[in-house]
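The structure appears below as structure tokens.
The values are calculated or read from the model by the stated rules, or taken from the named source; none is laboratory data. As the structure is a computational prediction, the values presented were derived from the model and not from experiment. Because the Cβ atoms are built from the backbone with ideal geometry, glycine has one as well, and the counts that use them run over all protein chains shown. To get the accessible areas, we keep the full protein, side chains included, count just its heavy atoms, and leave off ligands, DNA and RNA. Shrake-Rupley method; radii C 1.70, N 1.55, O 1.52, S 1.80 Å.
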Amino acid sequence: MIEAGADVDTPNTAGVTPLMNAGGMGNKEAVELLIQKGANVNHRTSGNYTPLMQAALVGQLEIVKILLDAGADPTVKDAGGRTALAYAEEKEQKDIVELLKAKTPASSAGKK
């Protein structure tokens, strides 16, 4: 579909993009392909939820790394004021928490 010109950022009715779905499922190859084809790593749903938050919430460390390397912003807050770090902390994703702390300025790390 991408080769036929499909928009890689077209969200479903909930505002979730293919990148968010692929990242949440841990599909590294799909995430890399979507990013290569121009997917917005900082896409936000209507609630300001991002692909990085999705990957952090479900414990996809490799996807979190890929998203950060592609420019995902770890300081973005959802509609409830939570960052990807807050989601990782909530689910006790220790490796992701460490990574996000290292990539997040201290002034915005994990604040709710």
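Here are the numbers for this structure:
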item: Neighbour cut-off at most 13 other Cβ (10 Å), DSSP loop, GluC sites (Glu not before Pro), segment 1-92; result: Glu3, Glu92
item: Relative contact order of the chain, defined on C-alpha pairs under 8 angstrom at six or more residues apart (%); result: 21
item: Hull shadow area, averaged, segment 2-41 [alpha-carbon convex hull, nm²]; result: 2.8
item: Segment 1-84, accessible surface, carbon-and-sulfur percent (1.4 angstrom probe); result: 49
item: Residues of the chain: accessible area per residue with a 1.4 Å probe, Å²; result: 53
item: Gain in span if fully extended, Glu92 to Asn42, counting 0.36 nm per residue against the direct Cα distance; result: 15.7 nm
item: Charge context of Ile35, other residues only, Cβ under 15 angstrom, K/R +1, D/E -1; result: -4
item: The chain - Kirkwood radius from inverse mean 1/r over Cα pairs (Å); result: 13.7
